1. For residue B:79 and residue A:126, what is the calculated FRET efficiency with R₀ set at 51 Å and r taken between the beta-carbons, to the nearest 0.05?
2. On a full-extension model of 0.36 nm per residue, what is the gain between residue A:184 and residue A:223, subtracting their alpha-carbon distance, rounded to one decimal in nm?
3. Any idea what the dipole of chain B comes to, in debye rounded to 20, about its Cα centre with Lys/Arg Cβ at +1 and Asp/Glu Cβ at -1?
4. Which value in nm describes the separation of the simple spin-label points at residue B:108 and residue A:77, placed 7 Å from the Cα toward the beta carbon?
5. Going Cα to Cα from residue B:61, which lysines come in below 19 Å? Please leave out same-chain ones fewer than 8 positions away.
6. Taking every pair of Cα atoms in the protein assembly as shown, average 1/r, invert it to obtain the Kirkwood radius, and report Rg/Rh to two decimals.
7. For peptide A:195-203, how many partner chain Cβ atoms fall within 10 Å of a residue's Cβ, on average?
8. Measure off 7 Å from each Cα along the Cα-to-Cβ vector at residue B:13 and residue A:70, then give the distance between these two points in nanometres to one decimal.
Amino acid sequence: MNRRMPALWAAFFQTIPIMTGYLFLGAAFGVLLQSKGYSWLWALLMSVFIYAGSMQFAAVGLMAGAASVVSAALLTLMVNGRHLFYGLSMLEQFRDMGRKRPYMIFSLTDETFSLLCSAKAPAGVDPKQFGFFISLLDQLYWVAGSVAGAAAGALLPFDSRGIDFVMTALFTVIFLDRWQAEGNRRPALLGAAIALICLLVFGKSVFLLPSLFLTTAVFLAFRRKLAGGGRTG
Amino acid sequence: MNPEAGNAALIVAVVALTTAGIRAAPFVLFPPGKKTPEPILSLGRVLPSAVIGMLVVYCLKDVSPLRYPYGLPELIALLAVAGLHLWKKNTLLSIGAGTALYMLLVQLIF
């Protein structure tokens, strides 16, 4: 009996919202890349090796503008710096992942992170296999979407305006689930509030990194107070 | 073939390596064999909730409440997602119906 299939199925159902979002966002990236004169091979290369949504869009601009290596590295640090904090939250969960650990770390995008910290493996399914398939499927969707987008050019068969709301809806649902499940609601509220303040102060292109630093600082400073109100596991 | 292909390949490599480096940094700093400091572990317990709240705000960053359509499509669709989810508790239904509603709103009404 193959023990992987139940884990793959369970992961597939969990990742359906991300599949929708990644296929369409990936296709949008592919179309953009194609419009700058780069073929689907470039889309494949970038989605396999970079695998970071917003940064891949930014990289198209860098490539088209013949930017320097230094500015490419700096922009990546600014855009993807938030992923540092995802790793901090996954230290324990990835601890016993064995051979799968490097890939789990490499593929930790916003969306995969949000699923890994919310989705629970059903009874009888190996949580490690389940987590691994979530990460792997998510990247496959992204790669498939971006290659198809680059190959098909701008020939999307229907008006897909507004499809990116699927990500907003996904995060909102996860937010609500955590809100109802946890005894301690201060972290969620604090995160949203700090992000909102930073958005107003720093503007929409750079606010995420300062809000992460500020939230971390507040958590470290008020650690004992914030941890109160029951264990949150 | 694009004339800047060499430089473009270099940029792809730099972006890929920098991204992987960022993602690996916490795991290199706090390896499994070593005991991770307690403040870092407690941070790992509260950050996920905070980051999800942050990502909701991040997704809505392009909404301009002071200009037409005043963020109304987002507000309506978000209320639908939240209402549906609190009522039916079905993740796919909440996300699917909310997204479909948003697409209808931005394509046909606003």
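Every number in this text was worked out from the coordinates using simple rules, so none of it is lab data. What you see is a predicted model; the values in this text were computed from it and never measured. Cβ atoms come from the backbone with ideal geometry, glycine included; neighbour counts cover every protein chain shown.
1. Working: r = 38 Å, r/R0 = 0.75.
E between residue B:79 and residue A:126, to the nearest 0.05, is 0.85.
2. Details: separation 39, 0.36 × 39 = 14.04 nm, distance 1.29 nm.
Additional length available on full extension: 12.8 nm.
3. Working: 8 positive and 4 negative charges, 85 e Å.
The dipole of chain B has a size of about 400 debye.
4. Reported label-point gap for residue B:108 and residue A:77 is 5.0 nm.
5. Those lysines meeting the cut-off are A:204.
6. Values: Rg = 19.9 Å, Rh = 20.9 Å.
Expressed as Rg/Rh, it is 0.95.
7. The per-residue average across the peptide is 3.
8. Output for this residue pair reads 1.9 nm.
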